[in-house]
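The structure appears right after this line, and notes come after that.
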Amino acid sequence: MYTAMLLPEVIKTKHDLKSVHLKRTVELEFFIPDNLLGNETLNLLLLNDGQDTTMLDLQETLKKLYAGYKIEALVVVAIKASADRVHEYGVASQLDFMGRGSKATAYTDFIIKELIPYVQAEVEMPINGRRAFAGCSLGGLTAFDIAWNHDNYFDAVGVFSGSFWWRAKDLKDGYTDDDRILHQMITQTAKKPDLKFWLMTGTEDELADRNKNFIIDSIDDTIDVIKELVKKGYERSADIAYYEMVGGKHDVATWGKAMPAFLTWAFSRKTS
């Protein structure tokens, strides 16, 4: 029962996980609500770019949402990126035109084969609720890729200003929209993964406008992801939420402001 959470306190702990797949130690932060009795449904959120949790104001956001009875009990695991971020992140099945994403398969293996078992072993209660993976910018692209290809581990994905421009060909080399790697991955996937999607952009994410349609690429690319999902059989509202923040920029402050909307979408408290 949700009422077990008597105080809106969130305990933050730091962890170091030695990864065989990444060949490095991964720094983690766990955020767990205090005063759990053990009979609650416990949800899980994995969050890329965990080094940004302070600027995201994540701990205070969680406290406020618990205090307002907006979300269910939730374990958030923030995964700090390394100096090799542009290679560990990306789409595992294909490098981008600059050869970035070369360690994305290793990062995927770390998440699925090492991190998830580690989290369940470290958390005293069973994680028996919803599981989501989220990230901002390139971290959002990566979260989408991993959840899409491992929907047996995840129920939802959240992407803040996702790097959906990730492409196989440079703009100067005859690029077309068919060169966007994630869009093609959606199209070419035979199955329809059992997932729900929360996608966010800001109207001031960037200035770039490849096709000169007076809509920035960040919004265009995200809307095109939604179109591909709809073609796949997902439904707007039921399966896909799109949040466009007026004045939102491509920065952590914007994503922090959007975080409550995502958390309440993914982990809203069930009314009895």
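Since every read-out is calculated from the coordinates, none of them should be taken as a lab result. Since we're looking at a predicted model, the values are computed, not measured. Every residue, glycine as well, gets a Cβ built from its backbone with ideal geometry; the counts of neighbours run over all protein chains shown.
Simple spin-label estimate for LEU37 and LYS70 gives 2.5 nm between the two label positions (7 Å along the Cα-to-Cβ direction from each Cα). GNM on the chain, alpha-carbon springs under 10 angstrom: the most fluctuating residue among MET200, MET185, MET98 is MET98. Measuring between their Cα centroids, segment 195-272 and segment 37-60 lie 20 Å from each other. Amide H to amide H distances under 5 Å link ALA81 with ASP49, GLY50, GLN51, where only residues 5 or more positions off or on other chains count and H is placed in the peptide plane. Scaling against 2.2 N^0.38 Å puts the C-alpha radius of gyration of the chain at 0.98. Between ALA238 and ALA168, the modelled label-to-label distance comes to 3.2 nm, taking each label 7 Å out from Cα in the direction of the beta carbon.
Here's how it looks for SER163: its modeled amide H is under 5 Å from those of SER137, LEU138, GLY140, LEU141, which are all 5 or more places away or on a different chain.
Sequence-distant contacts, meaning Cα pairs under 8 Å at least 6 residues apart, place the relative contact order of the chain at 18 percent.
The alpha-carbon atoms of segment 170-244, seen along their principal axes, cover 36, 27, 14 angstrom, with the largest extent given first. Evaluating 6.51 cos²θ - 1.76 cosθ + 1.60 at θ = phi - 60° for every residue in segment 36-50, the Karplus couplings come out as 7, 8, x, 10, 7, 6, 10, 9, 9, 10, 9, 10, 5, 6, x Hz, glycine and proline recorded as x.
The 3J(HN,Hα) values that the Karplus relation (6.51, -1.76, 1.60; θ = phi - 60°) gives for segment 67-83 are, in residue order, 4, x, 6, 8, 10, 7, 4, 9, 9, 9, 10, 9, 9, 6, 6, 9, 5 Hz. Gly and Pro appear as x. Can you spot the lysines whose alpha carbon is less than 26 Å from LYS64's alpha carbon? Ignore those fewer than 8 places along the same chain. The qualifying lysines are LYS12, LYS14, LYS80, LYS196, LYS249, LYS257, LYS270.
Restricting to the chain, compute how many DSSP beta bridges are antiparallel as a %, nearest 5. Roughly 35 percent of the DSSP beta bridges within the chain come out antiparallel. Close amide H partners of ARG24, meaning residues 5 or more places away or on another chain with modelled amide H under 5 Å apart, are SER19.
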